[in-house]
Structures are given as structure tokens and as C-alpha cells.
1. Can you tell which of S211, S190, S202 is closer than 30 Å to Y155 by Cα, hydroxyl-bearing (S, T, Y) and modelled with pLDDT under 95?
2. How many residues are of a type in the set (G, A, S) and crowded, with 20+ Cβ neighbours inside 10 Å when one looks only at the range 251-293?
3. Between a residue in the range 254-281 that is free of Cβ contacts under 8 Å to residues at least 24 places away in the same chain and any residue that is surrounded by 15 or more Cβ atoms within 10 Å (Cβ to Cβ) and outside any helix (DSSP H, G or I), which pairs come within a Cβ distance under 7 Å, given they are 6 or more apart or on different chains?
4. Would you call S153 closer than 17 Å to G233 by Cα and either in contact with a Pro (Cβ under 6 Å, 6 or more places away or on another chain) or touching a residue at least 12 places away in the same chain (Cβ under 8 Å) (or both)?
5. May I ask you to verify whether P223 is part of a loop (DSSP other than H, G, I, E, B), out of contact with any helix residue (DSSP H, G or I) (no Cβ under 9 Å at 6 or more places or on another chain) and at pLDDT 85 or above?
6. Out of the range 262-285, which residues are under 27 Å from the mean Cα position of the chain (by Cα) and either more than 15 Å from D238 (Cα to Cα) or not hydrophobic (A, V, I, L, M, F, W, C) (or both)?
7. I'd like the full set of residues that are at negative phi and in contact with a Lys or Arg (Cβ under 9 Å, 6 or more places away or on another chain), limited to the range 263-273.
8. Please determine, by comparing only the residues of the range 230-250 that are crowded, with 18+ Cβ neighbours inside 10 Å and of a type in the set (S, T, Y), which one is farthest from A303 (Cα to Cα).
Amino acid sequence: MTRTRVGALAVALLLGLAGAGPVARAAVPKPQVFIVVKRASLPGLVKGIEPNDLLTAAERAVDRAEALYLKAMEAWEAEMERALEQGEEPGPMPTLQLDEAVKLAREALAKGGEGWTHADAARYLLGWALSETERGAEGARAWEELVGKTPKSPYAAEAHLRLGERAFRLGRAAQAAGHYEAATGAAEPSVAAFATYMLGWSRYQAGDRPSAIAAFRRVVVHPMAGDAASTWGHLRQDAVASLGVILAEADWDGDDRMDADAGPARVLRLFPGDGPGDRDVLRAWLQVLRKESAPDAERAEAALRERGLMP
């Protein structure tokens, strides 16, 4: 069976740095994440078996809905331009209509029962369709059933990724981290890369700076040969920048006081300059300190020069 894949990842990350003193945490907004999912057909389904046929029909219903949505969007965009030219209000934006796909996927699951071979595929499609139509809580339940009942499914990592996204958006950082961690071992490189990157953000939002650093470091040091150049490579720069922000913070334990070991010594203990990506991270750290006009900036420069890590 050809599995559903995350076909492309476009990550826009804006780092806003607050200069409120050495103890203040940098104001780092959550990254805006857009994931394009390309569903594949299911050639491995045996025809003539009712739940299989229902799942195939659900996939075709999605294809039809997407085709109608694209046409409706083209017409709406043309109407919007005309309305704006004439000073009128454009009509409501079209929405993706997936009720038929949801109904068929649910029927397939009901007919197939717990022993049905393709229940995981049906649950993934059901979760996706519900989430795409503003029924995120229902979609999450479908994905939770998928990872709970078929944890070794080829769809499980992507379901964890989706559940992590939802938890992160809802401010449930610890829960998001658990799902992202589960997705880091995905066979699909783009899923593994993005899950590892977002694991860093989730740990950061949960207040666990050391674990956030460890996750972002995994992105920075990942081999960039072959396919990794397009999957891990485009996240590496953001991971380096994120590490620079965290390392520049003086309060890692959240008590609103400078940590006893804060400063260049702590940073150079973690990134001594001789490991993969260390120098890039140290440059990002120094850039943050300079931008914040932090008192540690001069000491950081001196420490780097002493180690021969900058001119």
C-alpha cells in the first residue's frame, strides 16, 4: 500500500528579541507552520471487500472535493478583485467540503471492525478530513485511536506529528513534545526532521531549556547529504538561530533570577567550538547578545577570541 506522505514543509520563523536586561527571556513567538499533505491512492486494497471499497470511495470523495474547492477559489478570487475595484464587499470564501469523505471513512471503519487490515489508513484519512473542516477535536480522536491501536502503523508517525501540531497550537507544550518525540523516528525524512525541530520548540515552551537545546542540536548536526539537504537542511538555519536565543538567556530555571552558571562559560561548555555546527551556533549566540546590548556581549567576544573562534 502506498502511504500518505508529508510532501512539503514550509516553515516561517520570526525571532523577536527583547532587550529587557540579562535575566529577561527573549520574546520568541511560536513559528507559523504550514504543511502540505499529499494523499496517495491505495493500490494495495483488495477490491470487492466492502470496507476496502468504502475507503477507496472516501479517497475519491476527497479528490472530488479538492477539485471543486480549487475551482471555487479561482472564481472567488476573480470576484474579490472585481468587488474591490467597485468598492464592494466580496462574498464568503469557499470552504473544503469533506462531509462525504468523513461519512465513508466512518462507514469503512464500522464495516471493517478492529481486525481490518486498513483501519489505520481509514483513521488517518478520517482525522485529516475532520481537521481540515474545523473539527479538530474529532480529528484528534481519530489519530489518537490510530496511534493507540496500531502504534507500528506506517501512518502512526504522521498522526503523532499532527497531534503534536494541535497540542502546540493549544498551548499544551508537554503533550506536544510527547507526540513530536514519537514522530522523530519516522521513516519519511520530512516527518522526522520537522518533528525533531518542533520537539525543540515544544521543550522550549515547556520551560525545559536543556532538552530544547538537545533537540535543536539534533537538527544542526544531522548529516546533510542526499535527501537530507532538502528535508533537514532548510530547518538547520532556524535551529541555529533558536539555539542562539536560548543560549543568550540568563534564566533557564524560570525563577526570574540570573542562573548561577549563566554566561559564556556555560555556553562554551555546551558548544566548545570543535563539534559539528558549534561555530554557527556560537555566532548566532553572539549576534543575539549584541542585538540585545547585553552586558555579556563583550565577555562573550573575549571568550571566543581567546579560544580562536573569531577574528
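1. Values: S211 fails: modelled with pLDDT under 95; S202 fails: modelled with pLDDT under 95.
None of the others qualify; the one that does is S190.
2. First, the residues of the range 251-293 that are of a type in the set (G, A, S): 254, 260, 262-263, 265, 273, 275, 277, 284, 293.
Okay, now just the ones that are also crowded, with 20+ Cβ neighbours inside 10 Å, so 284.
Matching residues across the range 251-293 total 1.
3. D259/A250; D259/D251; D259/W252; D278/F271
4. no
5. It is true that P223 is part of a loop (DSSP other than H, G, I, E, B), out of contact with any helix residue (DSSP H, G or I) (no Cβ under 9 Å at 6 or more places or on another chain) and at pLDDT 85 or above.
6. V267, L270, F271, G275, P276, G277, D278, R279, D280, R283
7. Listed by number, the residues that qualify are P264, L268, L270, F271, P272.
8. Top of the filtered list is T231.
The values are calculated or read from the model by the stated rules, or taken from the named source; none is laboratory data. Keep in mind the model is a prediction, meaning the values are calculated, not measured. Cβ atoms come from the backbone with ideal geometry, glycine included; neighbour counts cover every protein chain shown.
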